[in-house]
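No lab work stands behind these numbers, since they all come straight from the coordinates. What you are looking at is a predicted structure, and each value in this text was computed from that prediction instead of being measured. Cβ coordinates were reconstructed from backbone atoms using ideal geometry, including for glycine residues, and neighbour counts include every protein chain displayed.
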Amino acid sequence: MSHTNQFSSVDLLTMVNFNKTLNLMESTLSDEVQDKFNLAFGRVIKGAASRTQWKWDDRYIIYTYFSSSTWDFWCGLGYFYLNPSNLTDYPYLGIFLQVSPTFG
């Protein structure tokens, strides 16, 4: 939504299709995909794909971590860059492997 108090046609289109889009993202990251992710990486953190991640980190993913300090070494699969600042940027589907510079 723009920074005014008015909804644009894009804002309205987004609201109308929000549940359909969310359901599609949920279904593409469940069952078979989670099984394959689990085989490749050892586990899937339950509840990983959430609207909280969407709000805070602009992503909707399943993930796992490989260290006791959760975010030192982790892998995520799903939708990234969900809140672009303009209409020419698009979200993407991908896999993300992150290692903290302090990870031993």
Estimated 222 nm signal from helices in the chain, with DSSP H stretches of n ≥ 4 weighted -39500 (n - 2.57), rounded to 500: -11000 deg cm²/dmol
Only one of the values (1) 25, 15, 12; (2) 26, 19, 9; (3) 29, 17, 10 was calculated from this structure for semi-axes √(5λ) of the Cα gyration tensor in Å; name its label. (3)
Please name which of Thr52, Ile95, Phe18 has its Cα lying farthest along the dipole of the chain towards the positive end, using unit charges on Cβ (Lys, Arg +1; Asp, Glu -1) and the Cα centre as origin. Thr52
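Could you work out the relative contact order of the chain? I mean the mean sequence separation of Cα pairs under 8 Å and 6+ apart, divided by the number of residues, in percent. Walk me through the intermediate numbers first.
On the way: 124 pairs, mean separation 16.9, N = 104.
The value is 16 percent.
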Taking the Cα centre as origin and putting +1 on Lys and Arg beta-carbons and -1 on Asp and Glu beta-carbons, what dipole magnitude results for segment 9-99, to the nearest 20 debye? 160
Nearest 10 degrees, 0 to 90: what angle lies between the long axis of helix 32-41 and the longest principal axis of the chain (Cα atoms)? 40
